[in-house]
Amino acid sequence: MSRFRLWAGLLPGLAVILVAFLLYVLPTADPAPQSPDRTTLFMWTGANNFLPEDSLLFQTKLAFAQRQNIIPYESGIHDTTDLRRFLRATRRAGIERTWIEIGPDDGTTVEEFATNPAARQSTLERFRALAQM
């Protein structure tokens with residue numbers, strides 16, 4: 001009778017441990033890997049304004065973005081040299097998707113840029129020239 005009590009006491013405990021182990025070890029699937037409502041993450045790199053291309057901090061940011069599937073973006077790109085530099089660095093890091101942000105030309109306020117189509121014209125032309133790269 002004592003062996004029966006021993007096993008009766010151990011079996012529920014072993015079952016709980018086995019279930020916990022299987023839940024921990026078995027891989028969990030991404031709930032919706034290609035779901036259209038999935039949030040896309042962007043990360044500002046600061047390369048144009050603060051970091052040289054060979055900076056360890058810049059390279060670390062790009063490596064982190066690549067590992068975490070984050071799209072790096074850059075703001076304030078005004079010429080093709082800056083854009084080439086940013087795109088070259090991201091491609092070297094194995095990142096295919098990037099985002100650039102350009103704002104109004106110098107002397108144009110944000111309000112003018114938002115409300116006056118003529119104020120946006122030169123910025124749009126600059127953006128189209130950059131996009132041809």
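Okay, here's what the table says:
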| quantity | calculated |
| --- | --- |
| Computed over the range 38-131, Kirkwood Rh from alpha-carbon pairs, angstrom | 14.3 Å |
| Principal axis dimensions, the range 89-133 - Cα atoms, whole angstrom, descending | 39, 18, 15 |
| Sparse-neighbourhood loop sites, GluC sites (Glu not before Pro) in the range 65-116 - DSSP loop, at most 16 other Cβ within 10 angstrom | Glu96 |
| Relative contact order for the range 38-131, counting Cα pairs under 8 Å that sit 6 or more residues apart, in percent | 25 percent |
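Rule-based calculations on the coordinates, nothing more; no lab input. Keep in mind the model is a prediction, meaning the values are calculated, not measured. Every residue, glycine among them, receives a Cβ derived from its backbone with ideal geometry; neighbour counts consider all protein chains shown.
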